[in-house]
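Values quoted throughout were computed directly from the atomic coordinates according to the rules given, and no laboratory measurement underlies them. Quick caveat, the model's predicted, so the values are computed rather than measured. Cβ atoms come from the backbone with ideal geometry, glycine included; neighbour counts cover every protein chain shown.
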Amino acid sequence: MSQQPLPLDGITVVAVEQAVSAPFATRQLADLGARVIKVERPDGGDFARGYDTAARGLASHFVWCNRGKESLAVDLKDPRGLDIVHRLIADADVFVQNLAQGAAARLGLDAATLCAARPRLIAVDISGYGPTGPYAHKRAYDMLVQCEAGLVSVTGTAEQPVKAGIPAADIAAAMYAFSGVLAALVRRGVTGRGGPVEISMLDSLTEWMGHPLHYGMHGGEAPARTGVAHAVISPYDAYITADGEQVLLSVQNDREWRRLAEQVLERPELGIDPAFATNTARTANRAQTDAAVARALAGLRTDEAIGRLEAAGIACSRLNSVKDVAGHPQLAARERWREVDTPAGPLRALLPPITLPGGAPARMGAVPALGEHTDALLRSVGMKDEDAAALRRDGVVA
């Protein structure tokens, strides 16, 4: 049977993007076969290029979010540069932007304006708080939106709220932008019309707050911060083993608790003790429950603890470091790692989570240098070499 093409082969995306939310969304499209043209400033490009130098001199955020794209370095404040982008959009299927609120509209690059002129175009506006309301023009960085959406209030210990260790607001917005584009492409296939797609970081992350939000709205009080423990299930926490590592385990029902008490804690009486026999009782007596589990695991090496828990049918995991994840045996066994080309040489990267058996492999293209594709893209919109040279001389392109 012949291999099926990638689902977005033949789709062209133009993106005026920066930081994480829009670049991570368009990287998903590139992995699925779309041609993604990334529009950057000539003077340094996407500012995420300068976040750090951890990836062999390149920024880790940029390497993560921008493989498989073409880079056009152009000054949108110059009418000649803006005209180039509009020419590219004229032949595109999708346009994505996450400029500061109001900036895209001033350039005629907002979704409503573009879609009014091009009925088949799908245009995505990604913002921090949405285009209306009292927060519309408020600066929206990931940590700030994590705070506004309440994520920080439910993350951390009882004494200290903390932000998530990943850019959760950016990622949430990116994934809704990605799925919004896919939905709009399906609709266009039926109706022949594209249309605007609107995504806000606050809307996206607040949706992800589902459990604590509904618990608080309907129960009257938000779940308490409990570190890595679960707020309403016990035992569900990390415990130190004899060799100093941490093992996290989760008991989901009272049958599992009885098995844990008998086979791991070696205290079968706790399985039927009214103070521990139900999840409600264990949660009310969390300190005593955790102490009993902690005593048992403190006498076991990590491998031994994991072995006993799995034999008893108790869900468990190691509390891995980032280095541990990079060498995770499950990812290695499933061959989830690849190398992608970058200006600094090949770098290891994880295959995208969407696997389409029988189809072409994900298109994990190179991470572009700033303006690497400018000349080719200028030629593609009909610009003569001498005109392109003049633009470069004037600093309009790079």
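Over the chain, what is the percentage of antiparallel beta bridges among all DSSP beta bridges, to the nearest 5? Let's see the in-between values first.
Details: 16 of 41 bridges.
Within the chain, antiparallel bridges account for around 40 percent of the total.
Once R0 is set to 30 Å, what does the formula 1/(1 + (r/R0)^6) return for the Cβ-Cβ distance between Arg295 and Ile166, expressed as a FRET efficiency to the nearest 0.05?
Values: r = 34 Å, r/R0 = 1.12.
That pair, Arg295 with Ile166, gives E of 0.35.
Quick one: which residues, 5 or more positions from Glu40 or on another chain, have an amide H under 5 Å from its amide H? H modelled 1.01 Å from N in the peptide plane, none for Pro or chain starts.
Answer set, sorted by chain and number: Leu72, Ala73, Val74.
Straight-line reach from Lys323: which aspartates and glutamates have a Cα under 15 Å away, not including same-chain ones fewer than 8 places off?
Straight-line reach from Lys323, under 15 Å: Glu245.
Net charge within 10 Å of Ala25 by Cβ-Cβ distance, Lys/Arg positive one each and Asp/Glu negative one each, not counting Ala25 itself?
On the way: positive: Arg27; negative: Glu17, Asp170.
In short, -1.
Semi-axes, largest first, in whole Å: what does sqrt of 5 times each Cα gyration tensor eigenvalue give for the chain? Before the final figure, lay out each step's value.
Values: eigenvalues 463, 113, 74 Å².
Taking √(5λ) for each eigenvalue gives 48, 24, 19 Å, largest first.
Compute the FRET efficiency between Met217 and Ala277 as 1/(1 + (r/R0)^6), taking r as their Cβ-Cβ distance and R0 = 22 Å, and round to the nearest 0.05.
Values: r = 31 Å, r/R0 = 1.40.
E between Met217 and Ala277, to the nearest 0.05, is 0.10.
Once label points are set 7 Å from the Cα along Cα→Cβ at both Ala54 and His86, what is their separation, rounded to one decimal in nm?
Label-label distance for Ala54 and His86, simple model: 4.1 nm.
With labels modelled as points extended 7 Å from the Cα through the Cβ direction, what inter-label distance (nm, one decimal) is found for Glu269 paired with Asp203?
Here the modelled spin labels are 5.9 nm apart.
What distance in nm separates the two pseudo spin-label positions at Asp78 and Ala100, each 7 Å out from Cα along the beta-carbon direction?
Label-label distance for Asp78 and Ala100, simple model: 2.2 nm.
Which value, in Å³ per residue, describes the convex hull spanned by the Cα atoms of the stretch 236-318?
Numbers: hull volume 5.8 nm³, N = 83.
Per-residue hull volume (Cα only) is 70 Å³.
Hey, for a label at Arg187 modelled as a point 7 Å past Cα toward Cβ, could you say which residues of the stretch 101-141 have their backbone N under 16 Å away?
111-126
Relative to the present Cα-Cα distance, how much length would full extension add between Lys138 and Asn285 at 0.36 nm per residue of separation? Numbers along the way, then the final one.
Values: separation 147, 0.36 × 147 = 52.92 nm, distance 4.41 nm.
48.5 nm is the gain from fully extending Lys138 to Asn285.
Quick one: the Cα spread of the stretch 333-398 along its three principal axes, in angstroms, biggest first?
Sorted largest first, the three principal extents are 53, 27, 13 Å.
How much mean residue ellipticity at 222 nm does the chain get from its helices, if each DSSP H run of length 4 or more adds -39500 (n - 2.57) and you divide by all residues, to the nearest 500 deg cm²/dmol? Could the numbers behind the result be given before it?
Values: 17 runs with 154 residues, N = 398.
My calculation for the chain gives -11000 deg cm²/dmol from helical runs alone.
Are any of the pairs Lys38/Lys77; Lys77/Lys384; Lys38/Lys138; Lys69/Lys384; Lys69/Lys163; Lys38/Lys384 more than 27 Å apart by Cα-Cα distance, and if so, which?
Table pairs above 27 Å Cα-Cα are Lys69/Lys163.
Quick one: length gained pulling Ala117 to Val322 fully straight, 0.36 nm per residue minus the C-alpha distance?
Numbers: separation 205, 0.36 × 205 = 73.80 nm, distance 4.72 nm.
In short, 69.1 nm is gained.
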